[in-house]
Every structure is written in C-alpha cells, then in structure tokens.
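All remarks here apply to the structure that follows.
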Amino acid sequence: MSVRLVLSTLLLAAAPTAVLAQAMPEGFLCCNMRTDGKWITDINYVDKSKRMLPVGTAAKVTSYGRNRVMVEVGGSTQTLGNDYSRNMQLDEFAQRYVVAADPRIKINTFEPRIREAIKSARLLPGMTREQVLMSVGYPVSTENPDLQAKVWRFWLDTSEEFQVVFDAAGIATEIGALPLSRPKILLN
C-alpha cells in the first residue's frame, strides 16, 4: 500500500460521517417559499417585502454552511436558512425542501380549488398534509417534531401564529387564525 493511500484511508476514517454523507439534492422546491432575494428562512413568514418562489421551481443544493444550505433556485443563488429546525441534520433539512420529483405533476391531479389554494400559498379545509406542505411549506420542526401530529403550528410573523388541525386520515379540518389574518392564510 502506498503512503498516499494509507493517509487517505486514515483521513476518511477520521472524518465525521455527516460531512462525508451530506447529500447534494437536485430537483425542485417542495413547496412555496418566500425570499428577500438572497435568504429563504424555514419559518416562511408571510411578508409583503418578500417574493414567493413557487412550488416546483428548479432547485439544486450547491453547498452547506453553518445552519444554512446554499441553493441555486429559480436562476439565482439563495441561502436556505435552517433558522428554526435545528433539531434536524442539515442534509435531511435540505432534502426536505429540494425534492427529486416535480411536485407540479402531482398538483395537476388535484381538484381545481386545491390547485388554486396551492398556487396562491393559501389553505382550505379538506387539504391533505401533503397539500398543506406544498402550499405553505413545512412547519418548523422544533415546534412540530412529529409530522403525523394532529395540529401543526405555523407563524405569519414573529408574533402571530396560525394552526392547521388534521383528522385521523390526515385531512385538514380546521385552520385557526385571528380574524384579521385569515385572508392571508385562507383561500376565499
């Protein structure tokens, strides 16, 4: 065995597994996400100063940083911040948002009212968990560690939340929000 091969083997054996195994997913955004042009946060606040990157937008992970994933999305470089889901491994977090299969193919099979809700990043009772995710993104994992839970908590901004309540079959039966915020969340 050459010295170079022995050193390479030792370095690989000593390297942290997470660094070696980090996936570089490529495909599409799982869900509607909001950006300020450079930063996409996992809390996905509803904010007029941000523009929406639609579900199904082409996306590719290019690198990882501390609590962030750099992505090429919609023709620009963005940073996807793991701001509130830090109980997840970073590559698992990246694979949550950048998916291999184009969600728009599945969205096209949904009834028109559901398609309209997803396109506008709004919700309707009767949506499945998957449809809620496509429309408003993932609830942050630190507050929603179990995606099979009956209630998912989301945040409109730093001080106001809304909730989606699911039945045993995973269908949204109620969307709870303050009356003035309901138009930001619910499709009319």
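One table, with the values for the structure above:
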| item | result |
| --- | --- |
| Looking only at the range 112-145, and only at residues there that are of a type in the set (D, E, K, R) and at pLDDT 95 or above, the one that is farthest from Val98 (Cα to Cα) | Arg113 |
| Pair list, Cβ < 6 Å and 6+ apart or interchain, from the range 66-80 residues that are under 10 Å from Leu90 (Cβ atoms) to residues that are outside any strand (DSSP E or B) and among the aliphatic types (A, V, I, L, M) | Val69/Ala94 |
| The range 129-188, subset among the small types (Gly, Ala, Ser) and in a strand (DSSP E or B), residue surrounded by the fewest Cβ atoms within 10 Å (Cβ to Cβ) | Gly176 |
| Test: residue in the range 93-110 that is in a strand (DSSP E or B) and touching a Gly at 6+ places or on another chain (Cβ under 9 Å) | yes |
| Cβ pairs under 6 Å, 6+ apart, first in the range 112-137 and without any contact (Cβ under 8 Å) to a residue 40 or more places away in the chain and farther than 18 Å from Asp157 by Cα, second crowded, with 20+ Cβ neighbours inside 10 Å and of a type outside the set (A, V, I, L, M, F, W, C) | Ile114/Gln131 |
| Selection within the range 29-82 - of a type in the set (A, V, I, L, M, F, W, C) and closer than 15 Å to Leu133 by Cα | Leu29, Cys30, Cys31, Met33, Ile43, Val46, Met52, Leu53, Val55 |
| The range 96-111: number of residues that are surrounded by fewer than 20 Cβ atoms within 10 Å (Cβ to Cβ) and touching a residue at least 60 places away in the same chain (Cβ under 8 Å) | 5 |
| Filter result for Pro103 (in contact with a strand residue (DSSP E or B) (Cβ under 7 Å, 6 or more places away or on another chain), under 25 Å from Val61 (Cα atoms) and not charged (D, E, K, R)) | yes |
| Among (1) within 18 Å of Gln22 (Cβ to Cβ); (2) crowded, with 17+ Cβ neighbours inside 10 Å - the single one Arg122 does not satisfy | (1) |
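Condition check ((1) surrounded by fewer than 19 Cβ atoms within 10 Å (Cβ to Cβ); (2) assigned to a loop (DSSP other than H, G, I, E, B); (3) at pLDDT 95 or above) across all residues:
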position: Val6; (1), (2), (3): yes, no, no
position: Cys31; (1), (2), (3): no, yes, yes
position: Arg34; (1), (2), (3): no, no, yes
position: Gly56; (1), (2), (3): no, yes, yes
position: Thr62; (1), (2), (3): yes, no, yes
position: Val71; (1), (2), (3): no, no, yes
position: Thr77; (1), (2), (3): yes, no, yes
position: Leu80; (1), (2), (3): no, no, yes
position: Asp83; (1), (2), (3): yes, yes, yes
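The values are calculated or read from the model by the stated rules, or taken from the named source; none is laboratory data. Please read all numbers here as calculations on a predicted model, not as lab measurements. Positions of Cβ are generated from backbone atoms using ideal geometry, with glycine treated the same way; all protein chains shown enter the neighbour counts.
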